[in-house]
Amino acid sequence: MLPNADEPDHGHPTPKIHVRLEDGALLPSDDANQDTSGGECRFLGRTRPEEHPEHGSLQALAYEAHPTLAMATLKRIAEELVRTHELERLSIRHSTGRVPVGSTCVEIIAAARHRDAAFVACREAIDRLKLEAPIWKQECWSDGQTWSSASSPMNSPEIST
């Protein structure tokens, strides 16, 4: 089993994995990570402004997750990506609760000896997270709420438009 990035490394070359669910909008991670990675790819997913024909302007996204299953899924995804792409470090953070327009709801950081591996792993991490993690997204409009069809298919809440 791979260690969490919050645990000390003790000089071992084992890749670091960090997965976390956090309440509300995410603040940027600390960039003080000076390591020997040749490439680091960072993806920030933000709540973007949208208009609904019946409900008006998007005010926020509200995320619900099954915490135990979501964390286990994120960790499994991270471990598989670290192994497959020979990453030195991988962090996956996702919001729960309300995230207003313009705020960050997901952050993925992949670091590897070579940039191609970091780019590919970062893209694969967000694609797999959206497909596999039991995290659901409710759209909060100025006049009503809808469940996003982009939510995880695993026991999704009923989708309405």
**Count - residues of the stretch 105-149 that are closer than 16 Å to HIS52 by Cα and either of a type outside the set (Ser, Thr, Tyr) or within 13 Å of the chain's Cα centre (by Cα) (or both)** = 9
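Take GLU64 and decide whether it is touching a helix residue (DSSP H, G or I) at 6+ places or on another chain (Cβ under 8 Å), more than 19 Å from ASP30 (Cβ to Cβ) and of a type in the set (Asp, Glu). Explain how you work it out, then say what you get.
Numbers: touching a helix residue (DSSP H, G or I) at 6+ places or on another chain (Cβ under 8 Å): no; more than 19 Å from ASP30 (Cβ to Cβ): yes; of a type in the set (Asp, Glu): yes.
Answer is no for this residue.
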**Request:** Being within 22 Å of SER103 (Cα to Cα) and acidic (Asp, Glu) is the filter; apply it to the stretch 41-76 and report the residue that is surrounded by the fewest Cβ atoms within 10 Å (Cβ to Cβ).
**Result:** GLU51
**Prompt:** Do you know which residues across the stretch 91-146 are touching a Phe, Trp or Tyr at 6+ places or on another chain (Cβ under 6 Å), within 15 Å of ARG46 (Cα to Cα) and hydrophobic (A, V, I, L, M, F, W, C)?
**Reply:** ILE108, ILE126
**Item:** Members of the stretch 13-47 that are at pLDDT below 95 and either over 20 Å from GLU80 (Cβ atoms) or in contact with a Gly (Cβ under 7 Å, 6 or more places away or on another chain) (or both)
**Value:** LEU27, PRO28, SER29, ASP30, ASP31, ALA32, ASN33, GLN34, ASP35, THR36, GLY38
**Prompt:** Just to be sure, is LEU81 touching a residue at least 60 places away in the same chain (Cβ under 8 Å) and buried (at least 17 other Cβ atoms within 10 Å of the Cβ)?
**Reply:** no
**Item:** Pick from the stretch 84-97, criterion surrounded by fewer than 18 Cβ atoms within 10 Å (Cβ to Cβ) and more than 15 Å from the chain's Cα centre (by Cα), ranking: modelled with the lowest pLDDT
**Value:** GLU86
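The values are calculated or read from the model by the stated rules, or taken from the named source; none is laboratory data. The shown structure was predicted, so the numbers you read here are calculated from the model rather than taken from an experiment. Every residue, glycine among them, receives a Cβ derived from its backbone with ideal geometry; neighbour counts consider all protein chains shown.
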